[in-house]
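*Asks:* Dropping the structure in here first, questions after.
The values are calculated or read from the model by the stated rules, or taken from the named source; none is laboratory data. Just so it is clear, the structure is predicted and the values come from calculations on it, not from any experiment. Heads up, the Cβs are rebuilt from the backbone with ideal geometry, glycines too, and the neighbour counts pull from every protein chain shown. In case anyone asks, the SASA skips ligands and DNA or RNA and just uses the protein heavy atoms, side chains included. Shrake-Rupley method; radii C 1.70, N 1.55, O 1.52, S 1.80 Å.
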Amino acid sequence: MATTLGRFVTKFKAKGNILRNKRGLCTKPPAHEALPTTGIKFKTDVHNLAGPRERIESFSWLSQHGPQFQIRGDQVQVITEPAQFYEILKASKNFGTDLFLNINSKRRITFASLYLGNGSLEKDLVSSIREACLAAVLSGNSNFEVNILLDYTRGSRGKVNSRSMLRPLMAEFSSVKVSLFHTPDLRGFLKKIMPDRFNETIGLTHVKVYLFDDSFVISGANLSHDYFTNRQDRYILFNDCPEIAEFFNELVKGIMSFSFSLSPDNSLYLSPNWNIHPYKGSDGGLQFKQAARKKIHACLHLGEKNGNENTNSRRKVDRPDDKFSHGKGSTDTVVYPLVQMGSFNVTHDEQAMLGLLRSSKPQDHILLASGYFNLTEHYMSVILDQSLGKFSILMASPQANGFLGAKGIAGAIPYSYIYLAHQFYKQVCKRKQTKRIHMMEYVRDGWTFHGKGLWYYLPSQPLPTFTLVGSPNFGYRSVYRDLECQIAIVTENKHLQEQLREEHVRMFSSSQLVTESTFQRRDRYVPLWIRYVTKLIKNFF
C-alpha cells in the first residue's frame, strides 16, 4: 500500500514545483539572531545537543501530555493542496491510480469533522463511502463499519445540511453510524434565544480526523467545497499506522458515545449506555462534563497503553544501545496525539503548547500559523515575556479570511481579527521585539486561509525537527470551548523533514510581512463599534 501511496502523491510533485518557483518570498527560515538572556533558567540545554537521537529526546517530555507512538517517517506523507486532500478522501479514478483508500477499506471508515457540506463534491464523497459499504455487503464482510462524527449546531444548519446528506446512506446500510456532538454549555434560555450560526460560538466539536482502516489524515480542514478547492489548510497522511489509527478511532467513538445518534428519519437519540442529556437538567451540565471527561481519559489511557506496547516492540528490533536506529524497518519518528477539551477540563494540548513555548532558546525558530489570529492571553504573554526563540507568525489577511463578505454581523469578523492582530503587534513593538517576532499575512488571489499549527527549527538545523498539525487555532474557543485534537511529530527522517520544510515554504511564500504601516492602510480601518464589541466577545471566536 505504501508503494501505491507513493505513486499517488508523486503525481502532484510537478505541479508543486511550478507553484513553488512562482513564489519568491521566504524560501528558507530567517536567519537567527542572538538575544540577551532574560533570567529564565531551564534544567537542561537539550536543544543544543547535536545528534539526531538527542534532538528527538529533547521533546520526550511531551509523553507527559498524551500517548507516544514510534513509527517510520516513510509512513508519513505531507499533503500540500486541498485538491490532493479531496482526492485522497475520495480516491478518484481521474488520477489514474489504483489507490482506493475507502473502497479498499476492509474494517472501518471513521470521519470526524465540524460538518459535511451539501455541494456536488460532497455528494461524490458520500458516493465513495457508499461504494465501500456496498463492496462490504457483496463480499459478505459483516464487520465493516462507518462512523461519522459531526457537530450538532453546524451539522443541523439550514434545511439541506449534513444530516440530510447522510440520512439516505444510513437508511441503505445499517453499518453507517452518524453522531452529532452537542456542547453542554448551550442550554436553557441561552439555547432558546441563540440563532443559527451564533449558537456555534458557545462550543462545538472541532476534531478533524479522516481514517480508513489503519491509515488516516490529520487536518484542520472540514468536509466542504472550499476546503477541497481554494481554502488553504494543512493535511498529513499516516499510512499503515495501526496503533495510532486505533487511538483515533477509539477517541472519535468515545466522543460519539456521549453525542446524539442520528436516525434515518432525522430523529435523534442518546446511546442506551449514556443517560445524561447534554443540555437538559438543572446542574449547568456539570454531570455531563464529568462523565464525558472520564470517557475521554479512558481513551487517553488506552492510547498510552497501546503506545507503550508499540514502543516496547520497536525497541526489540532496534539496537539495545540506540532507541532510534537507521536500518530497514527501524523507527525514526515519534508521534504524540494531543487532546484539548476545555469544557471537560482536558487541557493536554494547551499544557504541551505552553511547555514548548517556554522551553524555546534564542537560536530556535518557531513558525506558527493560525487562520484566525486570536491567541489566548496566556499564549501571548508566554511568547512575549518568557519564550526566547524567534517567531514567524502567519495569519490570514482580511482578503483571505473566510468571513469576508459574509452577510450581517458575521461580515465584521475579519475586522475583529485585524484589531486583535494590531493589539498584539503593538505589544511586540512596546517590548522592542520586532526583530524576534515577525507577523505575516497570507495573501493568495482567490484563496482563503485556514492553515494552523507550527514548524520548529532547532539551532543550525536547515530542516524542521518538530511540527504540530491538527484542528486548534490557538485561540480562546480552541482552548476553552471546543473539542480539539492535533498531533505533534518529532522526526529525524530526512525525507519527512524535507516535506515539512517544503510545506512551510509554500505557505509562507504566499505571505507579506506585517508592519505598523499595514494597519494604517484604508482597508484595515476598524470602526469604533467593532473595537468595543471585539473586546466583549473575543472569547467566542
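*Asks:* So which residues in segment 122-162 are open to solvent by less than 10 Å² (accessible area, probe 1.4 Å), among the hydrophobic types (A, V, I, L, M, F, W, C), touching a residue at least 40 places away in the same chain (Cβ under 8 Å) and farther than 30 Å from Arg187 by Cα, if there are any at all?
*Replies:* Within segment 122-162, Leu125, Ile129, Cys133 qualify.
*Asks:* Tell me, which residue of segment 472-486 that is open to solvent by less than 10 Å² (accessible area, probe 1.4 Å) and among the charged types (D, E, K, R) is farthest from Phe59 (Cα to Cα)?
*Replies:* The residue in question is Asp482.
*Asks:* Any chance you could count how many residues in segment 170-201 are within 18 Å of Phe541 (Cβ to Cβ), open to solvent by 10 Å² or more (accessible area, probe 1.4 Å) and touching a residue at least 40 places away in the same chain (Cβ under 8 Å)?
*Replies:* At the first step, the residues of segment 170-201 found to be within 18 Å of Phe541 (Cβ to Cβ) are 183, 185-186, 190, 194-201.
Next, only the ones that are open to solvent by 10 Å² or more (accessible area, probe 1.4 Å) stay: 185, 190, 194-201.
Next cut, touching a residue at least 40 places away in the same chain (Cβ under 8 Å) only: 185, 196-197, 199-201.
Qualifying residue count, segment 170-201: 6.
*Asks:* Give segment 354-365 a look and list any residue that's open to solvent by 10 Å² or more (accessible area, probe 1.4 Å) and touching a Phe, Trp or Tyr at 6+ places or on another chain (Cβ under 7 Å), or say none.
*Replies:* Residues of segment 354-365 open to solvent by 10 Å² or more (accessible area, probe 1.4 Å): 355, 358-359, 361-363.
Scanning segment 354-365 gives Gly355, Ser359.
*Asks:* Restricting the search to segment 448-471, which residues are farther than 17 Å from Gln232 by Cβ, open to solvent by less than 10 Å² (accessible area, probe 1.4 Å) and in contact with a His (Cβ under 9 Å, 6 or more places away or on another chain)?
*Replies:* Of everything in segment 448-471, those that are farther than 17 Å from Gln232 by Cβ, open to solvent by less than 10 Å² (accessible area, probe 1.4 Å) and in contact with a His (Cβ under 9 Å, 6 or more places away or on another chain) turn out to be Tyr456, Tyr457, Leu458, Pro464.
*Asks:* Can you name the residue in segment 54-83 that is polar (S, T, N, Q) and open to solvent by less than 20 Å² (accessible area, probe 1.4 Å) and, of all such residues, is nearest to Thr110 (Cα to Cα)?
*Replies:* So the first thing to find is which residues in segment 54-83 are polar (S, T, N, Q), and the list is 58, 60, 63-64, 68, 70, 75, 77, 80.
If we keep only those that are open to solvent by less than 20 Å² (accessible area, probe 1.4 Å) too, we end up with 58, 70, 75.
Details: Ser58: 33, Gln70: 22, Gln75: 19 Å.
Filtering first and then ranking leaves Gln75.
*Asks:* Among the listed residues Gln399, Gln351, Gln340, which satisfies the condition of being touching a helix residue (DSSP H, G or I) at 6+ places or on another chain (Cβ under 9 Å), closer than 20 Å to Ile487 by Cβ and open to solvent by 20 Å² or more (accessible area, probe 1.4 Å)?
*Replies:* Numbers: Gln399 fails: closer than 20 Å to Ile487 by Cβ; Gln340 fails: open to solvent by 20 Å² or more (accessible area, probe 1.4 Å).
Answer to the check: Gln351.
*Asks:* Output yes when any residue across segment 514-531 is touching a strand residue (DSSP E or B) at 6+ places or on another chain (Cβ under 6 Å), among the acidic types (Asp, Glu) and at pLDDT 95 or above, and no when none is. If you could, list the steps in order and put the result at the bottom.
*Replies:* So the first thing to find is which residues in segment 514-531 are touching a strand residue (DSSP E or B) at 6+ places or on another chain (Cβ under 6 Å), and the list is 514.
Still in the list and also among the acidic types (Asp, Glu): none.
No, segment 514-531 contains no residue that is touching a strand residue (DSSP E or B) at 6+ places or on another chain (Cβ under 6 Å), among the acidic types (Asp, Glu) and at pLDDT 95 or above.
*Asks:* Which condition number in (1) more than 30 Å from Leu223 (Cβ to Cβ); (2) at pLDDT 50 or above is the one that Asn104 fails?
*Replies:* All conditions pass for Asn104, except number (1).
*Asks:* Quick check on my filter: what residues within segment 455-479 are under 16 Å from Ala221 (Cβ atoms) and touching a Pro at 6+ places or on another chain (Cβ under 9 Å)? So that I can check it myself, show each step before the final result.
*Replies:* Step one: filter segment 455-479 for residues under 16 Å from Ala221 (Cβ atoms), giving 468-473, 478.
Once the filter is applied, which keeps residues that are under 16 Å from Ala221 (Cβ atoms) and touching a Pro at 6+ places or on another chain (Cβ under 9 Å), segment 455-479 yields Gly470, Ser478.
*Asks:* Pairs needed: first member in segment 511-530, more than 17 Å from Leu394 (Cβ to Cβ) and in a helix (DSSP H, G or I); second member anywhere, open to solvent by less than 10 Å² (accessible area, probe 1.4 Å) and basic (Lys, Arg); C-beta distance under 6 Å; at least 6 residues apart or different chains.
*Replies:* none
*Asks:* Are any of the residues in segment 357-365 acidic (Asp, Glu) and over 30 Å from Thr229 (Cβ atoms)? Write out each step before concluding.
*Replies:* Taking segment 357-365 and keeping what is acidic (Asp, Glu), we get 364.
Narrowing further to those that are over 30 Å from Thr229 (Cβ atoms): 364.
Yes, some residue in segment 357-365 is acidic (Asp, Glu) and over 30 Å from Thr229 (Cβ atoms).
*Asks:* Mind listing just one residue for me: the one in segment 402-441 that is β-branched (Val, Ile, Thr) and loosely packed, with under 15 Cβ neighbours inside 10 Å and, of those, nearest to Leu375 (Cα to Cα)? Before you say what the answer is, go through the steps one by one.
*Replies:* Pass one, segment 402-441, residues β-branched (Val, Ile, Thr): 409, 413, 418, 428, 434, 437.
Filter again for loosely packed, with under 15 Cβ neighbours inside 10 Å, leaving 409, 434.
Details: Ile409: 22, Thr434: 18 Å.
Selected residue: Thr434.
*Asks:* Let me ask something else. Hand me the list of helices (runs of 4 or more DSSP H) wholly inside segment 338-445 holding 3 or more residues that are within 24 Å of Ile218 (Cβ to Cβ) and within 23 Å of the chain's Cα centre (by Cα). Steps first, please.
*Replies:* Details: elements: 348-358, 377-385, 413-430.
Here the list reads 348-358.
*Asks:* Within segment 247-293, count every residue that is under 21 Å from His206 (Cβ atoms), among the basic types (Lys, Arg) and surrounded by fewer than 17 Cβ atoms within 10 Å (Cβ to Cβ).
*Replies:* Of the residues in segment 247-293, 1 are under 21 Å from His206 (Cβ atoms), among the basic types (Lys, Arg) and surrounded by fewer than 17 Cβ atoms within 10 Å (Cβ to Cβ).
*Asks:* Based on what the data block shows, is Val514 among the aliphatic types (A, V, I, L, M), closer than 20 Å to Leu251 by Cβ and surrounded by fewer than 24 Cβ atoms within 10 Å (Cβ to Cβ)? First the steps, then the outcome.
*Replies:* Details: among the aliphatic types (A, V, I, L, M): yes; closer than 20 Å to Leu251 by Cβ: no; surrounded by fewer than 24 Cβ atoms within 10 Å (Cβ to Cβ): yes.
So Val514 does not fit the description; no.
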